[in-house]
Amino acid sequence: MTFSNLLIQWYLHNKRDLPWRNTTNPYPIWLSEIMLQQTRVAQGMPYFLSFTAAFPTVFDLAKADEEQVLKLWQGLGYYSRARNLHKTAQHVADELSGVFPTTYKDLLQLKGIGEYTAAAIASFSYNEVVPVVDGNVFRVLSRYFDIETDIVAASAKKEFAALAFELMPKDNPAIFNQAIMEFGALQCVPKSPNCSICVFNGSCVALQKNKVDQLPVKSKKLKVRNRFFNYLVLNDENNNTIIQKRTDKGIWHNLYEFPLIETEKEEEFSFISTQIQKDFGVNHEIISVAECNGKSIIHKLSHQHLYIKFWKVNINGVLKKGINNVDLKTFPFPIVIHNFIEKDL
DNA sequence: AAAACGGGGAC
DNA sequence: GTCCCAGTTTT
């Protein structure tokens, strides 16, 4: 048995039944691929179902407001994916008559579609013979062939793509691409794979050399920055509050938040209440300031640890642009703010 | 080439 | 705590 035959046989017996399989329609395939970038299937699944329900076609997605799209994306993370998804839907609907490009090369031109996603759509929808190279592929091939190339290096993707291309059956690239990723996700997992039941345990070089746990080689070590956010939850005579859109570069672009005081360190009541007097005391009579959560909520992003405090600020009079608790819930928020609104507000 | 970009699950 | 997930874009 060849590598691809064995792999595909394994796949046919072990594959999950996923809603974006069993179609060649590029729209749901594209949607699923964007959602699953750096995201587990289990996490992306409910979002895929709600998106396809809300936007059955690329035209429906194109017609939506970005805010609607971000609201449905809320909690999935990497929000540039949602913004690019929306822009690309508009491009396909308005400029391409709703028809997705049909080649790897042309798909690559679309916003949010890189080498992996272009290969996935081209092979799954159009049977183009082009290999996907994702985290699973790096892991499976580096172990099977004992390849010690640092997968962070720019050259690694080319090396593994060339290898995958040689391995894939040229008459059915789609099933090979599906199979190698599924194999990485279910069998050749990052930690403690059960090699005793693996179909490749007679030929996997890493297993023979007892170095499965050392592959793939990945050098990257990322630095995390600490930030300290103080969110001001204003509350006026009508029980209305204020939110604002994050329009700066950086995290949570185009999502909403409460008025923010960012500090260099964790601050206590005296510092924050003084700052609130400066920011809002000019236009409002502040009745009281109270910390909502005793200790900071530590919200961990991949490159930042956020230490977040919410401060309830009761004021006299009525806020201009104040919004009520019902309308508040219609805006897209970072999940940590959404959770606060749902549980603690 | 390196950094930025979310959130959660598994250990 | 660590690692990493059907990666892409920006710097």
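A few points about this structure:
- Residue in the stretch A:155-171 that is of a type in the set (Gly, Ala, Ser), in the same structural domain as A:Arg139 (by TED's automatic domain parsing), without any contact (Cβ under 8 Å) to a residue 24 or more places away in the chain and within 13 Å of DNA strand C (Cβ to nearest atom) present: yes
- Yes/no for A:Ile287 being away from DNA strand C (no atom under 16 Å from the Cβ), aliphatic (A, V, I, L, M), open to solvent by 80 Å² or more (accessible area, probe 1.4 Å) and in a strand (DSSP E or B): yes
- Annotation note: Cβ proximity below 8 Å between a residue of the stretch A:32-47 that is touching a residue at least 60 places away in the same chain (Cβ under 8 Å) and a residue that is open to solvent by less than 40 Å² (accessible area, probe 1.4 Å) and more than 7 Å from DNA strand C (Cβ to nearest atom) (sequence gap 6+ or interchain) occurs for A:Glu33/A:Ile121; A:Ile34/A:Arg81; A:Ile34/A:Leu85; A:Gln37/A:Arg81.
- Residue check, A:Pro56 in the same structural domain as A:Gln178 (by TED's automatic domain parsing), out of contact with any Lys or Arg (no Cβ under 9 Å at 6 or more places or on another chain), free of Cβ contacts under 8 Å to residues at least 12 places away in the same chain and closer than 25 Å to A:Glu257 by Cβ: no
- Any hit, the stretch A:112-119, residues being touching a strand residue (DSSP E or B) at 6+ places or on another chain (Cβ under 7 Å) and within 14 Å of DNA strand C (Cβ to nearest atom): no
- A:Leu301 being touching a residue at least 24 places away in the same chain (Cβ under 8 Å), under 30 Å from A:Val140 (Cβ atoms) and assigned by TED's automatic domain parsing to the domain that holds A:Val336: yes
- Residues (within 10 Å of DNA strand C (Cβ to nearest atom) and of a type in the set (A, V, I, L, M, F, W, C)) located in the stretch A:212-237: A:Leu215, A:Val217, A:Leu222, A:Val224
- Filter result for the condition that a residue is within 16 Å of DNA strand C (Cβ to nearest atom), part of a loop (DSSP other than H, G, I, E, B) and free of Cβ contacts under 8 Å to residues at least 60 places away in the same chain, over A:Gly294, A:Gly250: A:Gly250
- Scanning the stretch A:234-247 for residues that are out of contact with any helix residue (DSSP H, G or I) (no Cβ under 8 Å at 6 or more places or on another chain) and either open to solvent by less than 20 Å² (accessible area, probe 1.4 Å) or without any contact (Cβ under 8 Å) to a residue 40 or more places away in the chain (or both) yields A:Asp236, A:Gln244, A:Lys245, A:Arg246, A:Thr247.
- Condition check for A:Leu222: open to solvent by 20 Å² or more (accessible area, probe 1.4 Å), outside any strand (DSSP E or B) and more than 16 Å from DNA strand B (Cβ to nearest atom): no
- Filter result for A:Ala93 (touching a residue at least 12 places away in the same chain (Cβ under 8 Å), buried (at least 20 other Cβ atoms within 10 Å of the Cβ), in a helix (DSSP H, G or I) and not assigned by TED's automatic domain parsing to the domain that holds A:Leu255): no
- A Cβ distance below 9 Å, combined with a sequence gap of six or more or placement on separate chains, defines the contacts here; from the stretch A:330-345, residues that are more than 15 Å from A:Asn254 (Cβ to Cβ) and surrounded by 14 or more Cβ atoms within 10 Å (Cβ to Cβ) reach residues that are modelled with pLDDT under 95 and not acidic (Asp, Glu) in the pairs A:Phe340/A:Cys292; A:Phe340/A:Asn293; A:Leu345/A:Cys292.
- Pick from the stretch A:313-329, criterion in contact (Cβ under 8 Å) with a residue 12 or more places away in the chain and not aliphatic (A, V, I, L, M), ranking: nearest to DNA strand C (Cβ to nearest atom): A:Lys329
- Identity of the residue in the stretch A:31-67, in a helix (DSSP H, G or I) and of a type in the set (D, E, K, R), that ends up most open to solvent (accessible area, probe 1.4 Å): A:Lys63
- Whether a residue is at pLDDT 95 or above, outside any helix (DSSP H, G or I) and open to solvent by less than 40 Å² (accessible area, probe 1.4 Å) was assessed, and A:Trp20 passes this test.
- Helices (runs of 4 or more DSSP H) completely within the stretch A:96-145 that count 1 or more residues being within 16 Å of DNA strand B (Cβ to nearest atom): A:115-126, A:135-144
The values are calculated or read from the model by the stated rules, or taken from the named source; none is laboratory data. The structure displayed is predicted, hence computed values, not measured ones. Neighbour counts are summed over all protein chains in view; Cβ atoms, including those assigned to glycine, are modelled from backbone coordinates with ideal geometry. Side chains are part of the model used for accessible areas, which takes the heavy atoms of the whole protein and leaves out ligands, DNA and RNA. Shrake-Rupley method; radii C 1.70, N 1.55, O 1.52, S 1.80 Å.
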